[in-house]
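Written below as structure tokens is the structure these notes are about.
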Protein chains: 2
Amino acid sequence: MSASWLDEIRWTEEGLVPVIAQTSAGKVVMFAWMNRESLALTNKTGFAVYWSRSRQRLWRKGEESGNQQKIIHISVDCDEDVILLEIEQQGGIACHTGRESCFYRTLKNNEWLTNSAVLKDPAEMYKK
Amino acid sequence: MSASWLDEIRWTEEGLVPVIAQTSAGKVVMFAWMNRESLALTNKTGFAVYWSRSRQRLWRKGEESGNQQKIIHISVDCDEDVILLEIEQQGGIACHTGRESCFYRTLKNNEWLTNSAVLKDPAEMYKK
């Protein structure tokens, strides 16, 4: 946790950094936040661990759905305040709606239209 | 400014939304923020207009460097609180360091290593 690469990040006042997750094929699949511990764990374990702001706890992506994100690369931006993950999306689904990407609505004629299909029923993804 | 598609965005308390800009080729080139006015202007003008939090004013991307971002698509995520832009990057440079992307450092053996070259001297980009 004392690694200097973590010290180079400019964390928000809440100790967080915004994170973009993108597949190696170039698809941006989600956006979330990390704190220092989750970024360290992401690097150490090789799988994305976020910080859930709503639940105020570590969120091991895929912990319920099984759709983990295997880390290929971790990059930082010029201001050291945004992280970009290159990932391999297990199951091909990042969104809780069962789609590949959370960005599944695109503006057309001033309306948000769905641009991609549900690949798996969320009820199937989250059943215990 | 009263368009309902804007009302569907869940703005932060400061009235902002995080924005990811990605080229059509799949390169994530930058991350910034928009307020309602800048997102409306982005859609209306067809070029990315951000909200500069440091300068507290509209920031027409490329206003100094000439490196505008032509809008191809505007998408929103499942929570309606993040925007993804598909853009055509004029000049091929989004970063103020003269690189294609702001995400030009990648973690390797716990060090941030530069992954891409400067395409144009920033002194040339921002000279008056």
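Before moving on, here are some points about what is shown:
- Failed item, numbered, when residue B:89 is tested on (1) more than 12 Å from the chain's Cα centre (by Cα); (2) more than 10 Å from chain A (Cβ to nearest Cβ): (1)
- One residue stands out in the range A:32-80 among those that are among the polar types (S, T, N, Q) and more than 24 Å from residue B:113 (Cβ to Cβ): the one that is modelled with the lowest pLDDT, namely A:65.
- Residue A:3 being within 10 Å of chain B (Cβ to nearest Cβ), modelled with pLDDT under 95 and either under 22 Å from residue A:78 (Cβ atoms) or within 15 Å of the chain's Cα centre (by Cα) (or both): yes
- The residues in the range A:75-123 that are within 25 Å of residue B:99 (Cα to Cα) and in contact (Cβ under 8 Å) with a residue 60 or more places away in the chain can be counted, and the count is 10.
- The residue that is farthest from residue B:23 (Cα to Cα), counting only those in the range B:92-127 that are at the interface with chain A (Cβ under 9 Å from one of its Cβ atoms) and among the polar types (S, T, N, Q), is B:110.
- Scanning the range B:87-114 for residues that are in contact with a helix residue (DSSP H, G or I) (Cβ under 7 Å, 6 or more places away or on another chain) and of a type in the set (Asp, Glu) turns up B:100, B:111.
- Index of the failed condition, residue B:72 passing every other in (1) in contact (Cβ under 8 Å) with a residue 40 or more places away in the chain; (2) surrounded by 20 or more Cβ atoms within 10 Å (Cβ to Cβ); (3) within 14 Å of chain A (Cβ to nearest Cβ): (2)
- Condition broken by residue B:31, with the remaining ones in (1) facing chain A (nearest Cβ under 8 Å); (2) loosely packed, with under 13 Cβ neighbours inside 10 Å satisfied: (2)
- Check on residue A:58, without any contact (Cβ under 8 Å) to a residue 24 or more places away in the chain and within 14 Å of chain B (Cβ to nearest Cβ): no
- Of the set (1) farther than 26 Å from residue A:29 by Cβ; (2) within 12 Å of chain A (Cβ to nearest Cβ); (3) surrounded by 18 or more Cβ atoms within 10 Å (Cβ to Cβ), all apply to residue B:21 but (1).
The values are calculated or read from the model by the stated rules, or taken from the named source; none is laboratory data. A quick note: this is a predicted structure, and the numbers were derived from the prediction, not measured. FYI the Cβ positions are ideal-geometry reconstructions off the backbone, even for glycines, and counts take in every protein chain you see.
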